[in-house]
1. In the range 142-197, what residues are β-branched (V, I, T) and closer than 24 Å to P297 by Cα?
2. Looking at (1) over 22 Å from D190 (Cα atoms); (2) within 20 Å of the chain's Cα centre (by Cα); (3) open to solvent by 50 Å² or more (accessible area, probe 1.4 Å), which is the only condition R335 fails?
3. In the set R67, R85, R103, which member is open to solvent by 30 Å² or more (accessible area, probe 1.4 Å), free of Cβ contacts under 8 Å to residues at least 40 places away in the same chain, at negative phi and in contact with a strand residue (DSSP E or B) (Cβ under 8 Å, 6 or more places away or on another chain)?
4. If only one of S303, S264 is under 22 Å from the mean Cα position of the chain (by Cα) and touching a residue at least 60 places away in the same chain (Cβ under 8 Å), which one is it?
5. Would you be able to say whether some residue in the range 259-266 is among the polar types (S, T, N, Q) and either in a helix (DSSP H, G or I) or surrounded by fewer than 18 Cβ atoms within 10 Å (Cβ to Cβ) (or both)?
6. So, A110, is that one surrounded by fewer than 17 Cβ atoms within 10 Å (Cβ to Cβ) and either of a type in the set (A, V, I, L, M, F, W, C) or farther than 26 Å from L332 by Cβ (or both) or not?
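The values are calculated or read from the model by the stated rules, or taken from the named source; none is laboratory data. Everything quoted here is computed from the prediction, not taken from an experiment. So basically every Cβ, Gly included, is an ideal-geometry build from the backbone, and we count neighbours across all protein chains shown. Quick note on the areas: whole protein, heavy atoms, side chains included, nothing else; ligands and nucleic acids left out. Shrake-Rupley method; radii C 1.70, N 1.55, O 1.52, S 1.80 Å.
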Amino acid sequence: MYGANGRIGFYSEYNHEEPTILITCRGATCGTINVCDSQSYVTGNAMALDDLDRNRVDLRFMVYALRDADFSSVITGVAQPQITRETLSRLQVPLPALAEQKRIAGILDAADALRAKRREALAQLDSLLQATFLDLFGDPVTNPKGWEVVPLEMLCERIVDCPHSTPEYSERQTGLFCVRSADIQNGRIDLSDARHVEQPIYGDRVRRHVPRTGEVIYTREGGRLGLAAQVPPRRNICLGQRMMLFDANRKRASNAFIWGLLNSASIYKLVNAMSGGGAAPRVNIKQLRKIEAICPPVSVQHSFDKVVASVGGMAALGHTHLAELDTLFASLQSRAFRGEL
């Protein structure tokens, strides 16, 4: 089943026999392009380009052309953006000869495949860290290695809850990032799409503690509840509305260990069970302080710290290469639809 943002689950029936281009037509992600698999069910939140004339149009070319298109002129509404059949019919896309479409799509497919391989390599690094954590410490809930168990607050120097208000974001790049739950991706903070705030707000949002390199930021609410990432070096950061921050008690734990603990599958499941589910799941600081946490010797934790540091270096290099590939792909796509490829 496909909705506004791509695949959302499964259904017992299908309404599209063949792969079909889908355009998100409602909500904040209006204009997003997806392609459904064969025998898929598509909801009313996506507009489907049915029965594409394959004698005139290559599906892959049309996907790239639409992703490069400017949908601002066909999106209506403010509180609830939407695209209608009438407004979509005004959108124009380039349509060279079919052979040329296939040539362009082939070049873009090859460039996109390189990006996919880099993302897969980065995902493997994340899996390596999870596997290393389990190998060294075992499952932190069942505790098969018999480590000492203490409340999570005993492993921390401080656990800080952010102000429960949405900050006023700045339209300019101030250098002060406000980390939101959307900015935590695959166990790390991704600032590529982060929002900035003005410097005067700095004291208000972190009045109890300024996030420092290595400390752990954690999502405490919403659909992305239970995700942890360490503060990257040389970044000025404050906490968004749905965030918390953990700083380890160095005599009992390291921040890398706290990060691995909170990101473990069993703790993630435990926290989500505590949240009660529902439309807006959340946990509070008191609940998190009392979570029973394993407490291996700090010397054992330092073995994990070294792996985290090593993998972090490889991941940083990988993300740099991915950014370069993204830039290359964007350049190729722009040139393709200017007739310069």
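1. Across the range 142-197, the qualifying residues are T142, V149, V150, I159.
2. Just one mismatch for R335, condition (2).
3. Going through R67, R85, R103 in turn, the sole match is R85.
4. From the options S303, S264, the qualifying one is S264.
5. yes
6. Criteria met by A110.
Residue-wise test of (1) in a helix (DSSP H, G or I); (2) of a type in the set (A, V, I, L, M); (3) touching a Leu at 6+ places or on another chain (Cβ under 8 Å).
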| residue | (1), (2), (3) |
| --- | --- |
| D135 | yes, no, no |
| G146 | no, no, no |
| V149 | no, yes, no |
| V160 | no, yes, yes |
| Q173 | no, no, no |
| C178 | no, no, yes |
| A182 | yes, yes, no |
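Results for (1) under 20 Å from V307 (Cβ atoms); (2) modelled with pLDDT under 80; (3) more than 23 Å from the chain's Cα centre (by Cα); (4) open to solvent by 40 Å² or more (accessible area, probe 1.4 Å), shown as yes or no for each residue.
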position: V141; (1), (2), (3), (4): no, no, yes, yes
position: G146; (1), (2), (3), (4): no, no, yes, yes
position: E153; (1), (2), (3), (4): no, no, yes, yes
position: T166; (1), (2), (3), (4): no, yes, no, yes
position: L176; (1), (2), (3), (4): no, no, no, no
position: D204; (1), (2), (3), (4): no, yes, yes, yes
